[in-house]
Each structure stands twice: as C-alpha cells, then as structure tokens.
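Visitor: To start, I am sharing the structure in question, which I have written as structure tokens.
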Amino acid sequence: MIRSARLTRAFVFAAVTLRAATAIAQTGTLALNDKQYFEARGLNVFVFTNQYNGMFFDEKTAGIEIIQHGVRIATGGAVRLTPTPEQWDQIPKLVDRKVDPATNTITCTMRYEAFDFDSRLVVTPDGAGFKVTVFVDKPVPAELEGRAGLNLEFVPARYWEHTYLIDGKPGIFPRYPAGPTTSLPADKKIRQFEGFSTFDLHGHPDYIETQPLTTGTTLVMAPEDPERRVAIHALSGDLQLLDGRNLAQNGWYVVRTLLATKTTGKVAEWHVEPHTIPNWTRTPVIGFSEVGYHPSQPKRAVIELDANDAALATASLIRIRPDGTEVEAMKAPVQPWGKYLRYNYGVADFSSVKEPGLYVIQYGTQRTGAFPIASDVYEKVWYPTLDVWFPVQMDHMFVNEGYRVWHGAAHLDDAVQAPVNEQHFDAYRTGATTNTPFKPGERIPGLAVGGWFDAGDFDIQGVSHSGTIMSFVAIWEAFHPQRDQTLVDQQLRFVDIHRPDGKPDVLQQIEHGALQIAAQFRAMGRLSRGVVDSHLDTYHHLGDASTQTDNKIYDPSMKPYQTDGIHSGTPDDRWVFVEDSPATSYLGMGALAAASRALRGFNDALATECLTLAKKAYADERARAATAAQANGPEQGFARFAELTAVMQLVLTTKEQPYVDRFNELLWPALDRAPAFTLQTAVRAMPAMDAAYASKLRPYVERYRATLDGMFKQNPYGVPIATGGWAGNGQVIGWATTNYYLHKAFPDLVGTDVVTRGLDYLFGTHPAHNYSFVSAVGNRSKHLAYGNNRADFSFIAGGVVPGVLILKPDFPENMDDWPFLWGENEYVIDTCASYIFLANAAQEAVGK
Ligand SMILES: [Ca+2]
Ligand SMILES: [Ca+2]
Ligand SMILES: [Ca+2]
C-alpha cells in the first residue's frame, strides 16, 4: 500500500511536468480546424460532418453536434418540422455544405423535398461560443408555418440529476418523461418517411405532439456543472425546451425556436455557449482486458490520451495479495504509439508477467479495476451468451428465467406474403413479383416455429439466421460443448433459463434456428430476406415480444380490434419478404446443410429433411438462369461468395464429388479476388480435401500474413477497426476467427496472438472507454445496451454490442449512459454466435 502511494506521487509529478511542457496555448475561442469543424480546447462543434444517411433516417449523428469536454452532448442541430423529431420523421437533405476559413463560417443548404422548402444554416464562432443563423430566400411554406423550427437535441442522460435556468427561473430536468403533450387531429400530422406512421391511432382519430416544458429567451442547461453547462440565447423568437421521450423512449431533450414566417432573410438566430474548463485535458483511458489474460498471451495496455497530453514514462502492473496488500509485479515503459484519429496513444506491455493472480494497472494517479491472469480466463466468458442472451432472442417461445418471464410465446400469427413493390422501413423490399408461390397477403404456412429475434428489434432475418446457424454448427464440430443450462421444449413452446434438461444447449439452438429455415424452404423452396412487422407502429415495439402482434390470424372480414379468440380483424401479422437474390438463398442452403450434420443423432428427421431441402434448393438455383442484374455488378460477387459458402457446407456434409468440383471451381478465383473474405471458407474445407489442396492454399496464407503487418500500423489496437455507420466488433470477431482457423492449419504462419487480440479488443482494449463490449462478461461491461429491454436502461447478459463508432471525421464513440444508438449498442445474433466460437477458439488455442 505504502509503496503504491509513493509511486502514485511520482506519477503525478511526472504528469504535471509533461503536461506543462506539451500543452498548446489555446483560448476558449472556437476556430475552424483542418478537419473542417470548429474547435477550442474542451469543445468541438460539428456542422454536418455526418449526414442523415437515409438508410435508417434520423440516426442522431447529423446536423450541428457539440462535443463538450470529450463527450457528445448534442446532435441534430438543423431546421426540423416537428417539436421532437422521431427516427422516421422527415429529415432535411443536405444540398450543399461550404466551409469558409476566410469568414470562419460553415454554411449548409438544407432541403425538404416534400415541401419544396429550402433553408440555409450558417454557423460561426461568436464570443466564447458560436452563432447559429437560419436564412430563407422564400418564406416558410404556409403548411409549415408554426411547424418548422431551428432544433438542437441534447442527450437526456447527460442532464439527469441536473437543473436549468430559463430567463433566471429554475427547473429540474425530468428523470422520466411526464408530459406535457397535446392531442391533434391526425390530418395535421407532418407526413413521415414514405407515408409510414410511428403512431398507432388505435381507433382514435388523433395523434400526439410534445408541448414545451418551459419557454423563454435564455436557457442555461446545467449551470451547476462546469463540464456540462451550456447557455443558449435566442436572438430572435422564443426558446422552447421539450422532452422527446414523451413520444418515443429514444427521444432527446430538444431546444427549439420556431422560424419567423411570411418573411425572408434571417428567420431564427441563436448564440450558443458551451462552457469550457480552462486548459481542460481529457482523463486518459487505460485500455485493457476486463476479463484478464492467459499467462502465455501478450498483455498490452493501450493508453488513450488527449491531444494535449503526453504519455507518462511508465505504467505498473500491481498484484493484489489475498490479504489486500499489493506488490508491483512490473513497471513497464509506456511506448508512445503516435496519433490515431484525435488522440495520442501509448502502449505498456506487461506480457512477461505470467504468475496467476489478480492485478490492477496503475498509470499516474489512475488505477484500473482488478482482473485475473489465469489459464482459464476464456473458459466461461461465452456462458452468458449461450445461457441467457440466445434464449431471450428465441422467437415463438415463452422464455422464463427464475421468477422472471422475459417474454411470452411471440408471433404465433406468422406470417403472410409481403405486398409487391414494397419499400419497407427496416430496409426490406419487394419488386413487381413476390418471388414465391404466394400472392400478396396470402398466408405462408408453417412459419410460426423456431428462429431468433435478429437484434434489438423482433424480425427474423434470413441472412443473419444462416450465419448464426453455421456458427453454432462450427462451435459444435470444433469444441463439442456439452453445456446444458437451458430447458427447451418445442412442443410446449417453453424455454427455462438455468434449468438443465439433459440436452446440449448448442444443439437445441441449432435445432431452433433450423426449424425456421427449414419451414421457409419447405413452403417456398428458398430463404426469405426476412419476416418482419407489417406496420411501423408495431415495428418500434419495446416490451414483451408476445404483445407485438395480437397472435391471432388476420381475417379481413372482421373489423380492426374485433376477434373471435383465434382470428382478428387487426392486420398485424408479419410479412415475409423474399428477394430474387440467389445470394440470400445460397446462405440458407449452407445453413441447412450445416445443421443436417450437427442434428444427426439429435433430431434425425429434421437432419434428413434439412439436407434434402438444401440439395434440392441448390439444384433448383443452379438451374435457374441469372437475371442481368445478377450476372453483373455487386450482386454477382455476393452470389458467388454465398454459393461458395453453400457448397463448402455441402462438401463437408456429403463429400460428394460434384460439390467438391464446384467448390474448387469457385474457390480459387474468389481467393484471388477477395482473399481476406475467402480464406476462412477455404481453410474450413480442408478436412474434406487432399494434401495438394493445403499446399495450394499456403501461398495465400503467406500473403495474408504479410498484410497483417500493415494493418497493425493503422491503429494502436492492432485489429481492423471499421469506420462505417455500424460499429465493427463483428468484423474484429471475424478477423480473429479467421486467424484461429489459419493458426490451426498453418501454425508456422499465424500465431495465437492475433486470436486473443480480437478478444482483448472486445473486452476493453479499445477506444472511447474500457468497458467490456460483452454484457455481464468481464469485471466491468456494457450495462446499457440496445437490447429489446433498452427502455429499461438495462442489458441482456452475454450480448455483444457493435462497439466503437467513428463519427466523422475523428470522434470514436460508444455511449455508455444512453443505450439508444443502434450503431454502437445493438446486439445482433450472428455477431453473438461468432463470439461464442471465438471464445472457445481462444481458450483452445492458448491451452488450459
Ligand atoms: Ca432487424
Ligand atoms: Ca439444454
Ligand atoms: Ca395477428
């Protein structure tokens, strides 16, 4: 204890000296930087550096955004048409964005096509803050008078247990939405995306809008907290403060000024002043594995530092003895890594410490939580995912855990053929035909069985289902986990968590997935793109899945909400979308072929049927002439890769020569085109191939190995970090899994370090914070996530979130106090299944 206190003082001294030496003199005044956003120390103002991408509409990552003291507090600054916009409300199209260093301004032209309404948003530094002005060249359209406003949205969680002053009058931010709202005639509602409605009239001819919590001209948010204080002054019009959660649980606090009407030129103007703490420096994030380390594996702490901060000379690994006393196991130099995105990084390597025990990392005055070094650290890390997360995702089942019911048996009214020419809000679509033997609206028999909720929503997604089944089969074949902690009774549609039933849970999950996919092939001869809600007002369901639809078969001869107990007149049965896509269907065949192997001896009838369906569908698909779109362009690439996956599974299942030949025909060109995507498939086929196959494959693995060295230089974590609109933990898992397969087959080329490194990243060695991305796994983990219980600000044990989203141009984010950003926090089935594989693989690779 004494020793550690002395160390701490030494570090503090070093930290202060280094910071003084490296700090850049900065005033509190915002200035345009070379990344095209406004910057002052402790404050960034983004102006449409990220755009509404139109795929999932308002993703809360566009418009004017404020990052105050390293935390994004505000988004969506733009002209909006409703008081508290929902995800599917109209969003402005960014027509033009001009960044002008000469005038220190960013000017954005925004357009609402549906209303022929253009406006211009100008942002410029002003005193200790910035000014936002809205201009119009034509008056606000009549139908948007009193509706169009300048909005800026604030993350509610950042203001809980905080207060505000409006024109000097005090208020407390509501911890839970408590109105006020107003009911308005449905015809007054601003048309939502594609005419969809998030609001269920439920037989009542009105909808709701939020009303202001308060109104004034000067609003000071969190005046008591220098880290969060923001002052907004309306230079014209009034400021309203609204609570979007009255409409939707994922709503934000909105500050709003209605645009002046019947006039042109300046129609709204604010001065916004987020407080900055002089010489503020972000507290370093010590990235490490919250799960701990195997004695033999590399142990790298990656320390993320403010751009004005420099690494301390050393960090210490301190062992905690049973009596609570401490001993420094190692003092490691912190090697400066350089800059990645907006931060500086240093790496402390503790790999030489191998003694089992409990440790903490001490860096300056900071200390991590405790973590183990032990030979069995990966042995149990996948249990919550298999025991809890997957059972909770099981559709068509009643899922119980102890005294708690997660949900009743859901979607017993599955399912009907989707309409033609339908553009669906969850990115599904149909063309001019249904691509099935069924007419629009016709019931497709046998689908109320098996399957998992794809993600935080409740649809059954064909592609992710196939991947999930194939991952489970890979887990079973590679590791044969006999773990049995779940009772699954398909007859009773009953699942009981933490209750063994004598059957391995992995096989029961494979069976559950296969039941749904087999039902689809049985009815339609192919895989659906998905089975999904027919209406937006049920799609955004939060709560018990069994109340998402009425579980009664739709009968058009009955009136809405009328029921005879079996049928109802409410058209809420889910829709089946089938695309004319060989790629989707091939993946389904792969899943069936894989499931047939694992289910042999467990459910022989289903195993046999799965293989029969897969072989027939494969023959049918091969006999079908490709359309022009399928024969060219990206679809062709997807289809080839999907067919390769299907044929690989058919080869492993049947060893039949025609499949082997076709596999070879597809594999080698694919390996040349996209080696990183194809190698895993190639290596997995090895058990069914001859020795010549392995030697032919070897040069591809050598080239892959060489690309890894380049990748290690891209960021300090040494894993591929994705930069798209959905964060990349799935890719990291896939990369580490490929490395495991390559290590097994070519151990002289690929080591185990690139297997465990993927898990280190997942478990806390990543940007933004150091929580484990697997809920309830590791000492500290994601305790808020975008599971279907997100409205409760909770998590589902074992779920893996997407992770760190890189907001353009340089802000890595994973909100840990607000669960509603799916790109950062939504668990999905294929990632979770592949995580179970990787955890088993890592434990096997490093040995017990
Ligand atoms: Ca979905
Ligand atoms: Ca079981
Ligand atoms: Ca129904």
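The values are calculated or read from the model by the stated rules, or taken from the named source; none is laboratory data. All values reported here derive from a predicted model rather than from experimental measurement. We place every Cβ from the backbone using ideal geometry, glycine too, and count neighbours over all the protein chains shown. For the accessible areas, the whole protein counts, side chains as well, though only heavy atoms, and no ligand, DNA or RNA atoms are used. Shrake-Rupley method; radii C 1.70, N 1.55, O 1.52, S 1.80 Å.
Visitor: Quick one: in region 543-552, which of the residues that are more than 14 Å from ligand 1 (Cβ to nearest atom) and crowded, with 16+ Cβ neighbours inside 10 Å is nearest to residue 199 (Cα to Cα)?
Guide: Keep residues of region 543-552 that are more than 14 Å from ligand 1 (Cβ to nearest atom), which gives 543-544, 546-547, 549-552.
Narrowing further to those that are crowded, with 16+ Cβ neighbours inside 10 Å: 546, 549-552.
Values: 546: 19, 549: 15, 550: 17, 551: 20, 552: 21 Å.
Across region 543-552, the extreme among qualifying residues is 549.
Visitor: May I pose another question? Confirm whether residue 336 is more than 30 Å from residue 485 (Cβ to Cβ) and open to solvent by 40 Å² or more (accessible area, probe 1.4 Å).
Guide: Considered against the rule, which asks whether it is more than 30 Å from residue 485 (Cβ to Cβ) and open to solvent by 40 Å² or more (accessible area, probe 1.4 Å), residue 336 comes out as yes.
Visitor: Tell me, yes or no, whether region 234-243 has at least one residue that is out of contact with any Ser or Thr (no Cβ under 8 Å at 6 or more places or on another chain) and open to solvent by 50 Å² or more (accessible area, probe 1.4 Å).
Guide: Step one: list which residues in region 234-243 are out of contact with any Ser or Thr (no Cβ under 8 Å at 6 or more places or on another chain), which gives 235.
Now narrow it down to the ones that are open to solvent by 50 Å² or more (accessible area, probe 1.4 Å): 235.
Yes: one or more hits.
Visitor: Next up: Using the structure shown, decide if residue 456 is within 16 Å of ligand 2 (Cβ to nearest atom), part of a loop (DSSP other than H, G, I, E, B) and in contact (Cβ under 8 Å) with a residue 24 or more places away in the chain.
Guide: no
Visitor: Yes or no: residue 471 away from ligand 3 (no atom under 16 Å from the Cβ) and crowded, with 23+ Cβ neighbours inside 10 Å?
Guide: When the stated conditions are applied, residue 471 passes them.
Visitor: Against the conditions (1) open to solvent by less than 20 Å² (accessible area, probe 1.4 Å); (2) at pLDDT below 95, where does residue 208 fall short? Just the number, please.
Guide: Failing condition for residue 208: (1).
Visitor: Could you check region 181-201 and list, in sequence order, the residues that are in contact (Cβ under 8 Å) with a residue 40 or more places away in the chain, out of contact with any Lys or Arg (no Cβ under 8 Å at 6 or more places or on another chain) and not aromatic (Phe, Trp, Tyr)?
Guide: 181, 191, 192, 194, 198, 200 - these are the residues of region 181-201 that are in contact (Cβ under 8 Å) with a residue 40 or more places away in the chain, out of contact with any Lys or Arg (no Cβ under 8 Å at 6 or more places or on another chain) and not aromatic (Phe, Trp, Tyr).
Visitor: Is it the case that some residue within region 473-488 is away from ligand 2 (no atom under 16 Å from the Cβ) and not hydrophobic (A, V, I, L, M, F, W, C)?
Guide: Scanning region 473-488, I find at least one residue that is away from ligand 2 (no atom under 16 Å from the Cβ) and not hydrophobic (A, V, I, L, M, F, W, C), so the answer is yes.
Visitor: Still on this structure, I have one more. Condition first: hydroxyl-bearing (Ser, Thr, Tyr) and open to solvent by less than 10 Å² (accessible area, probe 1.4 Å). Now tell me which residues in region 31-72 satisfy that.
Guide: 37
Visitor: Enumerate the helices (runs of 4 or more DSSP H) found wholly within region 598-692, keeping only those where 1 or more residues are without any contact (Cβ under 8 Å) to a residue 12 or more places away in the chain and open to solvent by 20 Å² or more (accessible area, probe 1.4 Å).
Guide: Correct list: 604-623, 628-631, 633-654, 657-673.
Visitor: Please enumerate the residues belonging to region 519-540 that are modelled with pLDDT under 95, of a type outside the set (D, E, K, R) and open to solvent by 20 Å² or more (accessible area, probe 1.4 Å).
Guide: Across region 519-540, the qualifying residues are 535, 538, 539, 540.
Visitor: So, residue 450, is that one in contact (Cβ under 8 Å) with a residue 60 or more places away in the chain, assigned to a loop (DSSP other than H, G, I, E, B), over 27 Å from the mean Cα position of the chain (by Cα) and away from ligand 3 (no atom under 16 Å from the Cβ) or not?
Guide: On the way: in contact (Cβ under 8 Å) with a residue 60 or more places away in the chain: yes; assigned to a loop (DSSP other than H, G, I, E, B): yes; over 27 Å from the mean Cα position of the chain (by Cα): no; away from ligand 3 (no atom under 16 Å from the Cβ): yes.
So residue 450 fails the test.
Visitor: Can you tell me which condition residue 703 does not meet? The list is (1) within 30 Å of residue 801 (Cβ to Cβ); (2) part of a helix (DSSP H, G or I); (3) in contact with a Pro (Cβ under 8 Å, 6 or more places away or on another chain), and all the others hold.
Guide: The failed condition is (1).
Visitor: Restricting to region 218-230, give me the number of residues that are open to solvent by less than 50 Å² (accessible area, probe 1.4 Å), assigned to a loop (DSSP other than H, G, I, E, B) and of a type outside the set (Gly, Ala, Ser). Working first, answer last.
Guide: Residues of region 218-230 open to solvent by less than 50 Å² (accessible area, probe 1.4 Å): 218-223, 225, 228, 230.
Now narrow it down to the ones that are assigned to a loop (DSSP other than H, G, I, E, B): 222-223, 225, 228.
Next, only the ones that are of a type outside the set (Gly, Ala, Ser) stay: 223, 225, 228.
Here the count works out to 3.
Visitor: Now for a different question. Sort out which residues of region 518-547 are more than 28 Å from the chain's Cα centre (by Cα) and of a type in the set (A, V, I, L, M), and write them in order of number.
Guide: If the condition is that a residue be more than 28 Å from the chain's Cα centre (by Cα) and of a type in the set (A, V, I, L, M), then 518, 519, 523, 524 are the ones that fit.
Visitor: Oh, and also: Would you check which residues across region 794-848 are touching a Ser or Thr at 6+ places or on another chain (Cβ under 6 Å), β-branched (Val, Ile, Thr) and under 20 Å from residue 70 (Cβ atoms) and list them?
Guide: Answer for region 794-848, where residues must be touching a Ser or Thr at 6+ places or on another chain (Cβ under 6 Å), β-branched (Val, Ile, Thr) and under 20 Å from residue 70 (Cβ atoms): just 806.
Visitor: Scanning for something within 16 Å of ligand 2 (Cβ to nearest atom) and part of a strand (DSSP E or B), does region 538-553 turn up at least one residue?
Guide: no
Visitor: Assuming residue 578 fulfils every condition listed in (1) within 22 Å of residue 645 (Cα to Cα); (2) open to solvent by 10 Å² or more (accessible area, probe 1.4 Å) apart from one, which condition is it?
Guide: (2)
Visitor: Assess whether residue 505 counts as being at pLDDT below 95 and either within 12 Å of ligand 2 (Cβ to nearest atom) or open to solvent by less than 20 Å² (accessible area, probe 1.4 Å) (or both). Reasoning before the result, please.
Guide: Details: at pLDDT below 95: no; either within 12 Å of ligand 2 (Cβ to nearest atom) or open to solvent by less than 20 Å² (accessible area, probe 1.4 Å) (or both): yes.
No; evaluated as a whole, the condition is false for this residue.
Visitor: Looking at region 451-461, can you tell me whether even one residue there is of a type in the set (D, E, K, R), at pLDDT 95 or above and touching a Ser or Thr at 6+ places or on another chain (Cβ under 8 Å)?
Guide: Scanning region 451-461, I find at least one residue that is of a type in the set (D, E, K, R), at pLDDT 95 or above and touching a Ser or Thr at 6+ places or on another chain (Cβ under 8 Å), so the answer is yes.
Visitor: Which one of 493, 443 is over 27 Å from residue 642 (Cβ atoms), open to solvent by 20 Å² or more (accessible area, probe 1.4 Å) and either among the aliphatic types (A, V, I, L, M) or within 16 Å of ligand 2 (Cβ to nearest atom) (or both)?
Guide: So the residue among 493, 443 that is over 27 Å from residue 642 (Cβ atoms), open to solvent by 20 Å² or more (accessible area, probe 1.4 Å) and either among the aliphatic types (A, V, I, L, M) or within 16 Å of ligand 2 (Cβ to nearest atom) (or both) is 493.
Visitor: Considering only region 304-327, I want to know if a residue exists there that is surrounded by 21 or more Cβ atoms within 10 Å (Cβ to Cβ), closer than 19 Å to residue 719 by Cβ and modelled with pLDDT of 95 or more.
Guide: Among the residues of region 304-327, at least one is surrounded by 21 or more Cβ atoms within 10 Å (Cβ to Cβ), closer than 19 Å to residue 719 by Cβ and modelled with pLDDT of 95 or more, which makes the answer yes.
Visitor: Can you tell me which residue is nearest to ligand 2 (Cβ to nearest atom) among those in region 554-575 that are open to solvent by less than 20 Å² (accessible area, probe 1.4 Å) and within 21 Å of residue 437 (Cβ to Cβ)?
Guide: Selected residue: 574.
Visitor: Can you work out which of the residues in region 739-764 that are of a type in the set (Val, Ile, Thr) and open to solvent by less than 10 Å² (accessible area, probe 1.4 Å) is nearest to residue 372 (Cα to Cα)?
Guide: Per the criteria, the residue is 756.
Visitor: Would it be correct to say that residue 469 is closer than 23 Å to residue 572 by Cβ and more than 16 Å from ligand 2 (Cβ to nearest atom)?
Guide: When the stated conditions are applied, residue 469 does not pass them.
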